[in-house]
Amino acid sequence: MQRRLAAILAADMVGYSRLMGVDEEGTHRRQSLLLNETLLPIFQTHQGRIVKTTGDGVLAEFSAVTDAVVCALDIQNAVTNMEQS
């Protein structure tokens, strides 16, 4: 058995259930665009590997804690900038 250290980042979309109740198709489309066009490139920039996605959640693995933390900050900044646009 080989052991290794890893940092895990778990992200969840706030208000996803409410948004799905209002506009299921549009929410799913926007969530998919967010994941593919915004989040995936940020994870890749910080050497992260997505382990699992669920409706509104992402679980990612990093080899360094600093990569996971900076990635989380970049995601928060990207989402904030999207909301302000």
Could you go through region 60-67 and let me know if any residue there is of a type outside the set (Asp, Glu), surrounded by 11 or more Cβ atoms within 10 Å (Cβ to Cβ) and either at pLDDT below 90 or touching a helix residue (DSSP H, G or I) at 6+ places or on another chain (Cβ under 8 Å) (or both).
yes
Can you spot a residue in region 27-40 that is exposed (fewer than 12 other Cβ atoms within 10 Å of the Cβ) and farther than 22 Å from residue 80 by Cβ?
no
Working only within region 70-85, note down all residues that are of a type outside the set (Asp, Glu), without any contact (Cβ under 8 Å) to a residue 60 or more places away in the chain and either assigned to a helix (DSSP H, G or I) or surrounded by 15 or more Cβ atoms within 10 Å (Cβ to Cβ) (or both).
70, 73, 76, 77, 78, 79, 80, 81, 82, 84
Mind checking which pairs have a first residue in region 33-48 that is without any contact (Cβ under 8 Å) to a residue 40 or more places away in the chain and a second that is aromatic (Phe, Trp, Tyr) and in a helix (DSSP H, G or I), Cβ under 7 Å, 6 or more apart or different chains?
none
Would you confirm whether any residue within region 32-51 is of a type in the set (A, V, I, L, M, F, W, C), part of a helix (DSSP H, G or I) and touching a His at 6+ places or on another chain (Cβ under 7 Å)?
no
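The values are calculated or read from the model by the stated rules, or taken from the named source; none is laboratory data. None of these values were measured; they are calculated from a predicted model. A quick note on method: Cβ atoms are made from the backbone with ideal geometry, for glycine too, and the neighbour counts reach across all protein chains shown.
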